[in-house]
């Protein structure tokens, strides 16, 4: 892996994503189910890119039709996510929440502590492309944040230990998009401040 690509893996951003997880039993083998889910989500990602390209063209000429397509696509994604969640036996509903994420790990708040070194199956949906990712991580740190509202006040940090290369690349691209949005927001705020001071 080149130095530039390696460094990109470690860029971290604050973001809001849908997240569900399940603690894996010590000897639990979900490789076949996870591999099938990863193949499916890779195909879904390719379809989402094609849909977005067409969506942008339709949006210019027929905004209401584009909005309808967008809603139908979102509905299909919700149904697919529900099926994927059931196949991987994740018994909690995905919850949108603030996370700190990179292509090699995640920090998120949970309602319960998870033992250090536990393997967890993470089910992530990153926006704005609604990419659905299933990744195995290992818990590397746990702390209670008393400033965070209970019951979700246990900060879990996990390294991604079983992640497909294309999923890692999707996360790298997602992190870069988040950084670009944040830089744009700061630039617009700075420009707005300088215009109001003129």
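The values are calculated or read from the model by the stated rules, or taken from the named source; none is laboratory data. Just so we're clear, the structure is a prediction, and the values are computed from it rather than from any experiment. Glycine gets a Cβ as well: all are built from the backbone with ideal geometry, and neighbour counts include every protein chain shown.
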Name the one entry in 91, 129, 166, 147 that is touching a helix residue (DSSP H, G or I) at 6+ places or on another chain (Cβ under 6 Å), at pLDDT below 85 and assigned to a loop (DSSP other than H, G, I, E, B).
129
Looking at the structure I just gave you, is residue 114 assigned to a loop (DSSP other than H, G, I, E, B), surrounded by 15 or more Cβ atoms within 10 Å (Cβ to Cβ) and more than 14 Å from the chain's Cα centre (by Cα)?
yes
Could you run through segment 129-166 and say how many residues are out of contact with any strand residue (DSSP E or B) (no Cβ under 6 Å at 6 or more places or on another chain), free of Cβ contacts under 8 Å to residues at least 40 places away in the same chain and within 22 Å of residue 176 (Cβ to Cβ)?
1
